[in-house]
Structure formats: structure tokens, C-alpha cells
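Take a look at the structure set out below.
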Amino acid sequence: WCDLEVASAGSRRGRWRALSAASMLLILPTARSIAFGGGGGGDPRGRPNGLHASAAASAAAALRLPRIKFPPLPPRPDFLKSPADKEAEAAATANDAALRRLATAPIRIITAPNSTLIPPAAVRSMARRAELLGKPVSGPAIKRLADLVRDWYRRNGYIANELVRVAVVEEGRCELELEEFIVDGQPVDISFVKEEVIVPTSEDGDGEAGTMAYRAYRKKMSRNRSLKEKALPRSEMNSTLVRAEGRTSPRAVAEAMGLRPGEPFRWEQWRWEKVRRSGLFEDVEKRVVKPLGAEGEDGGAVRVDLLAREAPCRTLDYGVTKSLYTGGWEGEMSFEHRNVLGGGERAGVVVRRGARDPEPSISVRISDQKLGCRRGYSVDLFNEYIGDGVGRGAADAVPEKQGRGSERYAGAARRWWKGKATPADAGPEDEAAPGDLPPASAAAATEAPPSAAEATTASPTTLLARRGATVRLDGPLDGLVPDSAASASLERTSTTDGIAETIGSTSVDVGPFLSDLPFDVRHSLRANVACGTRFRAATTKATTGLWNFGGSGGRLLNLLPWRGGSEDGAASDAPPFPNETSPPRPTLLPFSSATLDMREVLPLTEGAGRRPPAVLALRNVLTVSSKSLPRHEANAIGNAASVRGYGSGCNGPLSAALTGTAEVRMPVAATVRGKVLEPTVVLFGDYMYGAPAAEGGIRDCRFGRVSVGAGLRSSLQGIPIKYDVSYSGEGKISASFGIGHDFDV
């Protein structure tokens, strides 16, 4: 009567059987037990009662009968319960009542007792935003609170922490259980790998003989003189990663990322970007793991695992650069080790020399930038040639402008550089030989010695070199400005005449401060302030021969800006040793300088694909200094203020300068012999206004310079080159060639 297996919608017999089953479901006293799988009589056919309930439900659904609700079963009589059952039932009833009161009572107080990171005020604020305060606990409110807590952790760098449980401990009071991880005893673990090519064993490439570095593979194939086996291009070979030994210290990486054992684990993305771009790794991947303890538990600590391929740590570079002090082109070669002790420490040496420099410039640098994440430092030891005339044609040009006294000085200086005389053995008998001078100078050498007036119009003493050390500290003003650096320098400068002075200085750099202006304009501002003191020791009579190139002892001393001269540093007519028995006293000359650099880049068009847009680039630089600025620093200001279209070094030493440049850079595409080139056409205009330095003389009386022109920028084997054609304010057209990138923000 309840067999529904043969029932169908179009069968009268099936409908009857379904009706009979439904009728039995209504009249059976054990219907509820059957529906919930409880006790009751069995089926005459031996089937379980649950089958009858399923059949009845199917029949009711087929006949679209209303759902039938049965009254609950009456409780078991008390006389059948034991005392323990009665006690348990009373406790359960009281517990249910307490839970109902806790669930319905509004939350007035919410705390996070096990949290060491989230302040109580932030907990209350998040609970109020989640609509948990003042209302009973609900599932949606708890979910909103969990999202707010997770966002707070992520925003502050605690990416592994989360809300675990919300507990109502008493009526109106709620406690949050938070899971907060700490840094493991080993904060960072690095697994080093290297890429090796899979070397085939036969000519057709079948089979594998193993792996090796591609450089070793090419070297191996170069020894094989057989023409049948040649080294395959790297792009056509398969490669794999194998374990390797690394130099980088995990402790140094952990310190750079601010991970200390036992402290809360905090991930700062900017620190990770600094480490990733530090140059130590060619490729690096990270993963935050929870190391398991001895009992298989995580212990509440996390560790950062890195899979890294190290970059080559030793580099040897060469190129061409322009000297800041002489304004001439120099060949440069540098060697650097980028990971000396495993923490990104660098040590390098740079050698530079111009085509006509009498000696090279050498500098040694030791630095530790802390992977760019903390306050780094650097120490520079230098011996630089800063000559401002000898060997560059200035000595040959001086006699035409100045007179006889300068001829004799220039000839002595040339003999000194050629090794025919030294400052120590120069004396009255070392007169300029006619063969050592040009024809005009040879005639002048046989004439009478120049007078004091002629000597005072001679060329000033030529600088020779500067030797010293500079210590630089990054980020001394981190609490005030984001980017800053301070440096202290102690150096000793000397001249071709053997006169030397000691210079101590300090400087502070701030910036660049980057900002985005309307219309996608990028702006940067950089400033530098320096101050120092020049110390000139007393000179004895025994050293007067150091300046006696022209045959008259002490004559060239008149050219120097002693304290006995004028206030602006000009030479005095009176010799420094009137009776050659009273040497001058030591002098201190304080000085200071400041530089302000402003740059803007304004896009004029929109870029197409990989081609950058056309831009308008502006740069203005203002430099001011005191009158006692060292002459090589004044030369540096003059060389930095050069204007395209004018000769190198034409500005001379300057004490103040205002320079500006405006460039319109337009990328273009060109095809030459089937090769696509993407040069940049530049239209520019330059201006400069400068004030001459008080010391060092004036090479040109004109201090305002302007020029306009056009240029071309391209790259040749990765080297940026530029070619400019300029029209100067003097009406001259000139062309210049340079190496390097244009300024940018």
C-alpha cells in the first residue's frame, strides 16, 4: 500500500497507492518518530520506518498536499528521571536562560585583552562602526568587526594578524580574541639558486649531459676546434635553477626590513622594495611562513623565506665624464665590489684623467647604504687634479693678454710639468731658457726682470691638486624632511708654486622633494647649504724658493691674496716679506655657499605605445657664495653654469650664478637600413647671469649669456649620446657633442 516505485502521473493505480500512503501518515500515531528517524513500529515487510516517511513525503509532494506539522512529544514524566538527570536538566535550563540573557543584552563594553598592538580607543571605534556597541551580538555585526580589524592590521603592516573569536563574558561586556604573530628567532631565511643551461650530449640535441653556467659552456665549446660543434645561443637552450652558495647575509636583510626576533611581525612594503632594488639580487621571491615547533604547533611566530638569485658583486666600468673643476673631458675607469661583507657594503676605486692632465685623479670610496632602508654612510678618500690653466692652453694664452711677467711665469710652469724643474730646486739660477718658451717668450726672457707693477698684473697662481677625505651620512633629518644628507670634508689644496692651504667644510643636502602639480606636471626641489674655513699657515723665509720660478725671489708672492692685501682678496702692491725676515701670520678665511635647484616636466602630448610623450622640461639653478670661497669651488660654479654655444671654461671662477634651461623634447621614429631608431629631437634655450669671484681673476668681462638651438638624442650600444647646434648671443653658431642623459625630475 505504500509501494511508490511503480507510481506515475498518468496511472490511476499509482495515484491510489499514493493516497493510501498519505492517509496512513495522517492516522499513524508514530508519524513524528517516523519523520525524524525515531522509535515506532516496523513495516510488515521488514523495511525501516524512515522509508515510510520518505515515501509519505514524496506522496504528499505529488498530491500537493499542505505540509503537516505535528505537535512535539510530551516530556518524559518526572517519576522516570533519576536525580542526576533532574540536576543536569536544571543546569541546562539555567544555562540556556543565561545564554538567552547574554545574547539579548546590548553590548556596553568591548575590550581586546590579549592584543598588544590595537589601542583600546581603536577597538571601541571599530566596534561602533560595526554597529556592535549598544546592540545585542549578531552574526553580521561580528563579520563587519572582523573586516575592520583585518583592515587595521593590514594598514599598519601586520599582515598575519586577525580576529579569532568574539566572547560575551558577562551581560553587556564583550571580549575579542586576536591572533597576533611575532618574529621568529630566525627572521629571514635565504635559499640561493643560480641559473644553468642544460648541455646536450650530441649534435642533434638528444640527451642531456648535465648543467653548467652558460659562460663555462661557451668557454668549453671554444676549446673544441671542431667545426661541427659550436656553442648554441643562450636563447635556444633550456635552463634550470640549481642550488648555489650566496654571499648576502640573512641578518643584514632582516635588519634592513626591521624584523627583530620576538617583536610583533610587521611588513613594510617600501622596505621590501628597497631590498629588492638594492642591486644585490637579479631575481628574488618572498614567502611568509609559520615555522612549526617541536610539538607540531606554529608557536605564534612567522619567518620570511626568500628564493634569490644573486647579481654579480664585482663590476669594472669605463667611460667618459666631464670634470667639474677643470671643465674638460676625462676618461674614467672604476672598479667596485657591491657586497663586501654580505650586507650591501661597497668598496670601489675610480681613476680619471684628461688628455692633457699632468696627473690622474684617484678616489676611493667605502660605503654602506643599509640596503637603502636605514641611515647609511660613505667615506671618500680623494686625490684630484684641479688645475685651472696649466696644460690646457691657458698658460700659452696668458702672455698675449697680460704681459712680460706672465711669460716668465708660464715658461716656468711648463718646465715644472715637463720635469725640467721642481718646486724644491727652483731658484734664482733657474731662469727660463729660450728653448723652453715660444718665440715671443724667448725674446722676453732675455730682457730685464719685470717690475713690481708688471708682476702684479701676472696670472694668478695655478691650482694643482686637492687631497683629503669626505664623510657623508644619509638621513640625519629624517624627523623633519624625508630626504636629507650631511657631509664633512677635510682637504688640503696645493698650487704649482708649492703654496698649500687646509680647508674644512660641512654641507647639508635636502631633497629632492617631488610633487605632482595640475596638468600632470612633475616638480622637484633640491637645496644645498655649505660652510667652512680656509686655514693658511705661516710661511718662513726658507720656503720663498718655492715661488721663485722667474728668478726674482718672492716676486710671485705678490700675486697671492694675503691678509695684508685688500679686503676683496686682491693682491697687494707690497710684497708679503718686506725685509724677508717677517713672514705673515696664519690666517683663517671663513666661507659659505648655497644652491637651489628647481625642475619641472610638463607633458605636451600623450604617449603612443612604448614611445614617450613630448614634454617641456624646465630647470633653474641659483648659486650664491661668500667672497672667500676656495678657488676650485668657484671654478666649479663657473663650469656648472656653462651655456651651450660658448667655449668650455669661458665663465671663469664665479661667486654667484643664475642659470636656466628650457627644452622641448619630441620623440620621433626613423628607419635606417631596415633598423628602427627612436631618437629624440630637442629644441632648447639657455641663459646665465653670473658674478665673478673675488679671487682668481676674471677671464671674460661679459657675465650675461644666452643661446638657442636644436639637438638630437639617441643611444649607441646602450650609451646615451647627444649632439647640439647652438646660436649664441654673440651671433656665433657652434656644435657640441656630449654623453649622458638630460635632466629629469
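The values are calculated or read from the model by the stated rules, or taken from the named source; none is laboratory data. None of the values given here were measured: they were computed from a predicted structure. So basically every Cβ, Gly included, is an ideal-geometry build from the backbone, and we count neighbours across all protein chains shown. What goes into the accessible areas is simple: the full protein's heavy atoms, side chains included, and nothing from ligands, DNA or RNA. Shrake-Rupley method; radii C 1.70, N 1.55, O 1.52, S 1.80 Å.
Computed from label points 7 Å out along Cα-Cβ, the spacing between Lys69 and Asn95 is 2.8 nm.
Size descriptors for region 617-676 (Cα atoms only): Rg and Dmax, in that order, 17.7, 59 Å.
With a Förster radius of 22 Å applied to the C-beta separation of Leu316 and Leu477, the computed FRET efficiency comes to 0.05. Expressed in Å, the radius of gyration and Dmax of the Cα atoms of region 109-221 are 27.4, 83.
Cross-link check: pairs Lys322/Lys675; Lys219/Lys370; Lys194/Lys286; Lys143/Lys286; Lys220/Lys286; Lys290/Lys370 evaluated at a Cα-Cα cut-off of 25 Å; pairs beyond the cut-off: Lys322/Lys675; Lys219/Lys370; Lys143/Lys286; Lys220/Lys286; Lys290/Lys370.
Once the chain from Leu232 to Arg611 is taken as fully extended at 0.36 nm per residue, the excess over their C-alpha distance is 133.1 nm. When the label point is put 7 Å from the Cα of Lys194 along its Cα-to-beta-carbon vector, which residues of region 245-268 have a backbone N closer than 17 Å? Within reach of a label on Lys194: 245-249.
Based on protein heavy atoms only, region 597-702 ends up with 50 Å² per residue of surface accessible to a 1.4 Å probe.
Mean projected area of the Cα convex hull of region 608-745, taken over all directions, amounts to 9.7 nm². Taking label points 7 Å from Cα along the Cα-to-Cβ direction, Leu117 and Leu602 give a separation of 4.6 nm. Taking each residue as 0.36 nm, the span from Val708 to Trp270 lengthens on full extension beyond its C-alpha to C-alpha distance by 153.4 nm.
Across the protein chains, with a 1.4 Å probe defining accessible surface, the residues Thr93, Thr111 rank Thr93, Thr111 from largest area downward. Between region 78-99 and region 317-366, what is the separation of their alpha carbon centroids in Å? Taking the Cα centre of each part, region 78-99 and region 317-366 sit 90 Å apart.
What does the charge add up to near Arg526, with Lys and Arg as +1, Asp and Glu as -1, over the other residues with Cβ less than 10 Å from its Cβ? Around Arg526, the surrounding residues sum to -2.
The calculated FRET efficiency for Val288 paired with Ala167, based on their beta-carbon distance and R0 = 35 Å, is about 0.80. A Förster distance of 60 Å, applied to the separation of the beta-carbon atoms of Asp305 and Phe535, puts the FRET efficiency at 0.60. A crude spin-label estimate for the pair Leu514 and Leu622, with each label 7 Å from Cα along the Cβ direction, gives 2.5 nm.
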